[in-house]
Amino acid sequence: LGPRIDFRFATDVLDPSTDFPENAFEYVVLAHCSWYFASFGQLRDTLARVRPWARRLCFAEWDLTPSSDDQLAHLLAVLIQGQAEAAGSHGPGNVRTPFSREELLRLLPRAGWTADGSRPVDTEGLQDGDWEIEACLDLVGTRERLAALPEPVRTLVLSQADVLRATAAPRGNRALAAYAVTAR
């Protein structure tokens, strides 16, 4: 497949000088990267901007709806990181703008896409639950990040981190499920 795939790393699609002809690409793929966006609005703008350039969208992300209790620690770690970012404590983490599958499905038509449907993605054996828990506990252990939060949010985040510590296993925390959406 190599010669048929064109990777465009470090291309700012929101830069007005970046342009491609209509339907220049068969697919635009966003795989487990949408929570990295600085805001949900930036994701919306990106999806709208690339719409004329691609025939299809392939999108995959973690599902915020846990399917079992042993995924709650991963969920809590994700939500804590998202709350800290939303409240103004910006950091290098990869969870910046978590949102639900349902929110994505509401967004797609506003960005010009028609979803063909959604399906679950098997995440058994993935270690992202452990990674996100560690990243969350690192965040709450960083004075500068906590100082950037308004006091009520800081108290909430610290209390949630206490719950996370009490519920997370030292290792082997089950990751949330993921989902895939295709759109045209």
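Only one residue in L1, L57, L76, L64 is in contact with a helix residue (DSSP H, G or I) (Cβ under 9 Å, 6 or more places away or on another chain) and more than 28 Å from V153 (Cα to Cα). Which one?
Unique residue meeting the criteria: L57.
Would you mind finding the one in L76, L57, L64, L47 that is assigned to a helix (DSSP H, G or I) and touching a Ser or Thr at 6+ places or on another chain (Cβ under 8 Å)?
L76
If E124 meets every condition in (1) closer than 21 Å to V163 by Cβ; (2) out of contact with any strand residue (DSSP E or B) (no Cβ under 8 Å at 6 or more places or on another chain); (3) at pLDDT below 95 apart from one, which number is that one?
(1)
All but one of (1) part of a loop (DSSP other than H, G, I, E, B); (2) under 19 Å from G82 (Cβ atoms) hold for F20, so report the exception by its number.
Of (1) part of a loop (DSSP other than H, G, I, E, B); (2) under 19 Å from G82 (Cβ atoms), only one is false for F20: (2).
If we scan region 63-70, do we find a residue that is surrounded by 15 or more Cβ atoms within 10 Å (Cβ to Cβ) and touching a Phe, Trp or Tyr at 6+ places or on another chain (Cβ under 9 Å)?
Yes - at least one qualifying residue is present in region 63-70.
Being out of contact with any strand residue (DSSP E or B) (no Cβ under 7 Å at 6 or more places or on another chain), surrounded by fewer than 19 Cβ atoms within 10 Å (Cβ to Cβ) and at positive phi, is that true of even one residue in region 93-111?
The answer is no, given that none of the residues of region 93-111 is out of contact with any strand residue (DSSP E or B) (no Cβ under 7 Å at 6 or more places or on another chain), surrounded by fewer than 19 Cβ atoms within 10 Å (Cβ to Cβ) and at positive phi.
Answer yes if at least one residue in region 11-19 is among the β-branched types (V, I, T), out of contact with any helix residue (DSSP H, G or I) (no Cβ under 9 Å at 6 or more places or on another chain) and more than 21 Å from E102 (Cα to Cα), and no otherwise.
Taking every residue of region 11-19 in turn, at least one turns out to be among the β-branched types (V, I, T), out of contact with any helix residue (DSSP H, G or I) (no Cβ under 9 Å at 6 or more places or on another chain) and more than 21 Å from E102 (Cα to Cα).
Okay, residues lined up against (1) among the polar types (S, T, N, Q); (2) without any contact (Cβ under 8 Å) to a residue 12 or more places away in the chain; (3) closer than 21 Å to Q42 by Cβ:
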{"site": "D70", "(1), (2), (3)": "no, no, no"}
{"site": "V78", "(1), (2), (3)": "no, no, yes"}
{"site": "A84", "(1), (2), (3)": "no, no, yes"}
{"site": "S89", "(1), (2), (3)": "yes, no, yes"}
{"site": "F99", "(1), (2), (3)": "no, no, yes"}
{"site": "D116", "(1), (2), (3)": "no, no, no"}
{"site": "P120", "(1), (2), (3)": "no, no, no"}
{"site": "D128", "(1), (2), (3)": "no, no, no"}
{"site": "E144", "(1), (2), (3)": "no, yes, no"}
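Scanning for something among the aliphatic types (A, V, I, L, M), open to solvent by 40 Å² or more (accessible area, probe 1.4 Å) and over 20 Å from the mean Cα position of the chain (by Cα), does region 10-30 turn up at least one residue?
yes
The conditions are (1) closer than 27 Å to F25 by Cα; (2) over 16 Å from the mean Cα position of the chain (by Cα), and R101 fails exactly one of them. Which is it?
Of everything listed in (1) closer than 27 Å to F25 by Cα; (2) over 16 Å from the mean Cα position of the chain (by Cα), R101 misses just condition (2).
The values are calculated or read from the model by the stated rules, or taken from the named source; none is laboratory data. Model, not experiment: these values are computed from the prediction. Every residue, glycine as well, gets a Cβ built from its backbone with ideal geometry; the counts of neighbours run over all protein chains shown. These area figures cover heavy atoms from the full protein model, side chains too; ligands, DNA and RNA do not enter into them. Shrake-Rupley method; radii C 1.70, N 1.55, O 1.52, S 1.80 Å.
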